[in-house]
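> Before we start, here is the structure in question, set down as structure tokens.
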Amino acid sequence: MRWTHNHTLLSWCVVLVSLVVFSIPGIPAAGANPVTVNFQSLGLMQQDLKIFDADGAVVATGNTSSSFSLNGSESALYTIQLQPSATNQDPLSLLDSLAAWLTQNALIVALLLFVLLVLASRGSGGGRR
């Protein structure tokens, strides 16, 4: 009676277990180093923000031009709350920016108006056949 099949299976199991056991110490612990978070590269306007940990406690407050250091070993989950600030804009500049957007996207606006017109004409004549 030959046991080659079982020895082959056993040898593969030993190789697999040894790979797993010897590779575990080489894996660094997740979140051991603090991570620095910068919001300047996102292109956000100047806004206040609060950072909460997984328990809901406030970890840090600041604004979008600040840098924050978050440690993964202290909390596995962080929530960032942006607090919008009130801004006043001149109505003429708002109208100018709207007109500029409409001229840049004239084709898209015209196509949307055409589709809405077609849908509205089909919807109003629904009772006649």
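Values quoted throughout were computed directly from the atomic coordinates according to the rules given, and no laboratory measurement underlies them. Keep in mind that what you see is a predicted model, and the values were worked out from it rather than measured. Please note: Cβ atoms are built from the backbone with ideal geometry, for glycine as well, and neighbour counts cover all protein chains shown.
> What is the fewest-to-most order of Asp96, Asp53 by other Cβ atoms lying within 10 Å of their Cβ?
Asp96, Asp53
> Rounded, prolate or oblate: which fits the stretch 33-129, taking a ≥ b ≥ c as square roots of the Cα gyration tensor eigenvalues, rounded meaning a/c under 1.5, else prolate when a/b beats b/c?
Prolate, since a/c reaches 1.5 and a/b exceeds b/c.
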